[in-house]
Structures are given as C-alpha cells and as structure tokens.
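Below is one structure; the comments refer to it alone.
The values are calculated or read from the model by the stated rules, or taken from the named source; none is laboratory data. Remember, predicted model here, so these are calculated numbers, not experimental data. Here the Cβ positions follow ideal geometry from the backbone for every residue, glycine too, while neighbour counts run over all protein chains shown.
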Amino acid sequence: MSIEVARYGIRMEGDRSWTVFDIYTGWPFEYLGRSLDGLGEADARRLFVVLNALHQHRMRTIDQEIQGLRD
C-alpha cells in the first residue's frame, strides 16, 4: 500500500514570480533543460497538480510491480 505524498511544491519568489520545486531538494523542477521558475501563479499551480499526479501514478505503478513480485 502506498502513501501518496506530494513530491513537488510551489513557492512565490522575491520578484513575485512562481517556482515549481522538488520538496526533497528545494531545487526548481527541470524539464528538457528548462527550469520551472519565473512562472505566473496559474501556470505554476497547473504544473504542480500535473507533476504530482504523474509522480503518484509512478509510485502506484512501482508498488503494483513490487506486489506482483511478492505474489
């Protein structure tokens, strides 16, 4: 059984832009060499939701594969 925990967070920076970041490292999330910082709030919130949903899906898939090995 998996406990679903957010992997990514969002924060407002000093210049009032928004950053999507990895909660374990504190670093901005990077995709295809692009750091997800300098965003508007709406974009940051949408990306936050999508990235955490993808992360949770990956974790559930891994849990299912591990469970299949145990059966």
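The residue that is farthest from Ala6 (Cα to Cα), among those in segment 36-71 that are of a type in the set (Asp, Glu) and without any contact (Cβ under 8 Å) to a residue 60 or more places away in the chain, is Asp71.
Would you point out the residue of segment 21-35, among those that are more than 13 Å from Arg7 (Cβ to Cβ) and in contact with a strand residue (DSSP E or B) (Cβ under 7 Å, 6 or more places away or on another chain), that is surrounded by the most Cβ atoms within 10 Å (Cβ to Cβ)? Selected residue: Pro28. Among the residues of segment 31-46, are any among the aliphatic types (A, V, I, L, M) and on the phi > 0 side of the Ramachandran plot? Yes, some residue in segment 31-46 is among the aliphatic types (A, V, I, L, M) and on the phi > 0 side of the Ramachandran plot. The numbered conditions (1) of a type in the set (D, E, K, R); (2) modelled with pLDDT under 90; (3) in a strand (DSSP E or B) are all true for Glu4 except (3).
Looking across Leu39, Leu51, one residue alone is modelled with pLDDT of 95 or more and touching a Ser or Thr at 6+ places or on another chain (Cβ under 8 Å). It is Leu39.
Residues that are surrounded by 14 or more Cβ atoms within 10 Å (Cβ to Cβ), of a type in the set (A, V, I, L, M) and out of contact with any strand residue (DSSP E or B) (no Cβ under 7 Å at 6 or more places or on another chain) within segment 50-68 comprise just one, Met59. Of all the residues in segment 9-25, those that are of a type outside the set (Phe, Trp, Tyr) and either within 13 Å of the chain's Cα centre (by Cα) or within 12 Å of Leu47 (Cα to Cα) (or both) number 8. In this structure, is Val20 among the aliphatic types (A, V, I, L, M) and closer than 30 Å to Arg70 by Cβ? No.
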